[in-house]
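Reading through the structure tokens given below for one structure.
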Amino acid sequence: MNQMIRNIRQRTIKSLDNTSHSGRAAPDELVPSRYALRVGDIDVLVISDGVLTPPAESMATNADPAARTAWLDDMFLSRDAFDWALNEVVVRSGDQTILIDSGLGLEYPDFPRAGQLGLRLETAGIDLASVTDVVLTHMHFDHVGGLLVDGVKDRLRPDLRIHVAAAEVKFWASPDFSRTAMPPALAEVARSAATRFLNEYHSQLRPFEEEYEVAPGVVVSRTGGHTPGHSVVRLASGGDRLMFAGDAIFPVSFDHPDWHNGFEHDPEEATRVRLRLLRELATTGAWLVATHMPFPSIGRVAVAGDVFRWVPAWWDY
């Protein structure tokens with residue numbers, strides 16, 4: 001993994017392999033798609049799965065439309081739909097290689113700029129067979145889809161351990177979308193992807209109740225809110241800290257932590273979780289990485305009056 005990180009920082013964009021698994025030429029990589037850092041003795045690689053383009057109103061379903069429009073204008077974002085990052089993380093602790101979430105895969109063709117995880121793992125020099133553990137923050141289709149791509153399961157090791165909250169497994173056995181703002185088509189994609197995932201990987205699931213140490217310094221903890229079993233992953237080593245917050249924190253959350261995301265199954269609880277995690281991050285100074293923060297999604301949280309401020313990391317070249 002150390003050599004992998006050195007290689008990542010030495011390669012240029014032009015050195016990337018532009019051939020997909022289907023043999024078709026992949027689009028030119030015009031932007032970086034992976035970023036390496038260390039948390040004490042733990043190696044971390046943030047990988048971009050591409051971008052989604054949901055409707056702008058989905059990020060703030062309870063907001064006054066004028067306030068939402070003003071925020072989008074202030075951020076120079078489209079009022080209709082905007083690029084929403086989709087990030088995953090590979091962690092190496094001791095002799096374990098851990099993939100946190102797996103991206104979109106091919107679950108929703110209307111998001112054609114996402115679903116790049118397999119290619120980008122390959123170009124980063126990470127063999128799927130080297131992954132010992134997968135941690136799922138939750139089971140929405142843009143988090144489990146990469147595991148459902150044809151051929152992926154055959155390339156994973158048979159003793160792979162998949163860690164997910166027991167409450168999440170229970171929820172997706174009979175999911176409730178009544179409090180989300182998902183359109184019916186997306187709700188059906190979510191239901192179908194979760195069902196297929198549970199059917200295909202049932203024997204490899206390692207459900208946990210509230211918290212589980214996956215590897216030295218790598219702890220997954222259930223938060224609930226976004227989904228009943230939504231979880232975050234905290235890394236700790238040598239005095240360094242990092243939290244992968246999954247879908248608990250979004251770009252708008254710093255200015256408006258009370259705005260509901262349209263994919264939240266319990267919006268009020270998701271707001272309480274978000275505030276608690278933002279306060280924790282502001283107090284501890286830990287690095288934050290989140291699924292939908294702009295790549296490379298590495299920064300810290302500071303208090304700004306009654307709300308918060310995102311402080312992105314300076315890139316380390």
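The values are calculated or read from the model by the stated rules, or taken from the named source; none is laboratory data. Predicted model only: the values in this text are computed from it and were never measured. As a convention, Cβ positions derive from the backbone with ideal geometry for all residues, glycine included, and neighbour counts pool all protein chains shown. These area figures cover heavy atoms from the full protein model, side chains too; ligands, DNA and RNA do not enter into them. Shrake-Rupley method; radii C 1.70, N 1.55, O 1.52, S 1.80 Å.
Tabulated data
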| read-out | value |
| --- | --- |
| Mean separation of Cα contacts under 8 Å, 6 or more apart, over the residue count of the chain: relative contact order % | 17 percent |
| For a label point 7 Å along the Cα-to-beta-carbon line of LYS153, residues of region 168-212 with backbone N under 12 Å | 195-205 |
| Carbon + sulfur, % of accessible area of region 171-317 - ligands and nucleic acids excluded, 1.4 Å | 53 percent |
| Cβ crowding within 10 Å averaged over residues, with 79-85, 115-121, 186-192 ranked highest first | 115-121, 186-192, 79-85 |
| Quarter of Cα convex hull surface for region 112-202, i.e. mean projection, nm² | 6.6 nm² |
| Per-residue ³J(HN,Hα) for region 174-181, Karplus 6.51 cos²θ - 1.76 cosθ + 1.60, θ = phi - 60°, Hz, x for Gly and Pro | 7, x, 10, 9, 5, 9, 8, 10 |
| Built amide H within the under 5 Å cut-off of ARG206, gap 5+ | ILE162, HIS163, VAL164 |
| Computed helical MRE - 222 nm, the chain, DSSP H runs ≥ 4 contributing -39500 (n - 2.57), nearest 500 | -7000 deg cm²/dmol |
| Mean separation of Cα contacts under 8 Å (6+ apart) over length of region 79-180, as relative contact order % | 27 percent |
| Accessible area of the chain divided out per residue, in Å², using a probe of 1.4 angstrom | 44 Å² |
| Fluctuation leader among ASP176, ASP159, ASP306 - the chain, Gaussian network, Cα springs under 10 angstrom | ASP306 |
| Pair THR284, ARG206: separation of 7 Å Cα→Cβ label points (nm) | 2.1 nm |
| Fraction of beta bridges assigned by DSSP in the chain that are antiparallel (%, nearest 5) | 75 percent |
